[in-house]
């Protein structure tokens, strides 16, 4: 339970823009204030990333105090900012109930991508993922999701990193297991903060109902699917949801998503030495995704406590990539970013946990997936 659960003030950061504007307009009218106070406040919210009402310096002190009494802002505390030698910046945010979540700024030649979290922890129990170290805690609200964007954007401006051009829901948690708040956050990022839908990507391990709901939305949001194995038998060894939504069902849902708007799908594939990186696995992957307008990201495995796995050798990854490309499927071997700052999902949070994480094998045995 969040500490602010009893706080009945509306969180302006998680309201649809039209609702926030209507509430503010009514608030200022009731106080006899001119109409432009609403526009001033919205500018501080959506353009200047104010972390508190006190920062809204062009509003009279009395009006700032009245806003504070009536409304609230989701403003997590920055517990730590770590900057890598490659320019990657990882933020560890502390929420009002002291839960810790992560976001990552990833600069490249022509873009600045923000990777954000949708849950505190994760209940999906994928056996290769560091986020599961300390288990699932709770869903994030839309305000807490958007607050990561606002905080990271403010940091980027203050440190001359340029504007955030892309957002990916690839941080802690499974976004499509938190559809209510994630979908609200998508609307906010697109409508309130002006981020184009095609610049927002939602990553999922294969939550079929969520994929189908996302396909019904009119905006052209992108989708990334964490496959990690090309067959049902192999995938269920590392991705537990495969037992509930097996590959044939998942691929049918992806066809529905693609047909809804012709949106290219990215397939994520973690490369584990001797497990899923052989040429026959690559050929099976070709058979599975042939016909989709897609791109495959080959991700070097990041070792975690528990499984006795190693990262695929460079030669094996290159052979895998060639099989895909020779079949007409675009594939990229992703370059690890921020290794010197524990930038993989869940690592920085685990380092700052008060108690050391439980053994990973125990986690995967006992934890149950939360349903929405």
In this structure, does residue 66 turn out to be touching a strand residue (DSSP E or B) at 6+ places or on another chain (Cβ under 8 Å) and either part of a strand (DSSP E or B) or in contact (Cβ under 8 Å) with a residue 24 or more places away in the chain (or both)? no
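Results for (1) within 24 Å of residue 324 (Cβ to Cβ); (2) touching a helix residue (DSSP H, G or I) at 6+ places or on another chain (Cβ under 7 Å); (3) in contact (Cβ under 8 Å) with a residue 60 or more places away in the chain; (4) in the same structural domain as residue 43 (by TED's automatic domain parsing), shown as yes or no for each residue.
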position: 190; (1), (2), (3), (4): no, yes, no, no
position: 201; (1), (2), (3), (4): yes, no, yes, no
position: 211; (1), (2), (3), (4): yes, yes, no, no
position: 219; (1), (2), (3), (4): no, yes, no, no
position: 235; (1), (2), (3), (4): yes, yes, no, no
List the number of the failed condition for residue 32; all other conditions in (1) more than 30 Å from the chain's Cα centre (by Cα); (2) on the phi < 0 side of the Ramachandran plot; (3) surrounded by fewer than 20 Cβ atoms within 10 Å (Cβ to Cβ); (4) not in a helix (DSSP H, G or I) hold. (2)
Test result for residue 78, within 25 Å of residue 181 (Cβ to Cβ), free of Cβ contacts under 8 Å to residues at least 40 places away in the same chain and surrounded by 13 or more Cβ atoms within 10 Å (Cβ to Cβ): no
How about the range 275-361: which helices (runs of 4 or more DSSP H) wholly inside it have at least 3 residues that are at pLDDT below 90 and under 25 Å from residue 86 (Cβ atoms)? 347-351
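Can residue 125 be described as part of a loop (DSSP other than H, G, I, E, B) and either closer than 30 Å to residue 275 by Cα or under 14 Å from the mean Cα position of the chain (by Cα) (or both)? Even if it seems obvious, please write down each step before you answer.
Working: part of a loop (DSSP other than H, G, I, E, B): yes; either closer than 30 Å to residue 275 by Cα or under 14 Å from the mean Cα position of the chain (by Cα) (or both): yes.
It is true that residue 125 is part of a loop (DSSP other than H, G, I, E, B) and either closer than 30 Å to residue 275 by Cα or under 14 Å from the mean Cα position of the chain (by Cα) (or both).
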What is the residue count in the range 182-220 for residues that are more than 14 Å from the chain's Cα centre (by Cα) and within 19 Å of residue 245 (Cβ to Cβ)? 11
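The values are calculated or read from the model by the stated rules, or taken from the named source; none is laboratory data. What you see is a predicted model; the values in this text were computed from it and never measured. Quick reminder, even Gly has a Cβ in these numbers, built from the backbone with ideal geometry, and neighbours come from all protein chains shown.
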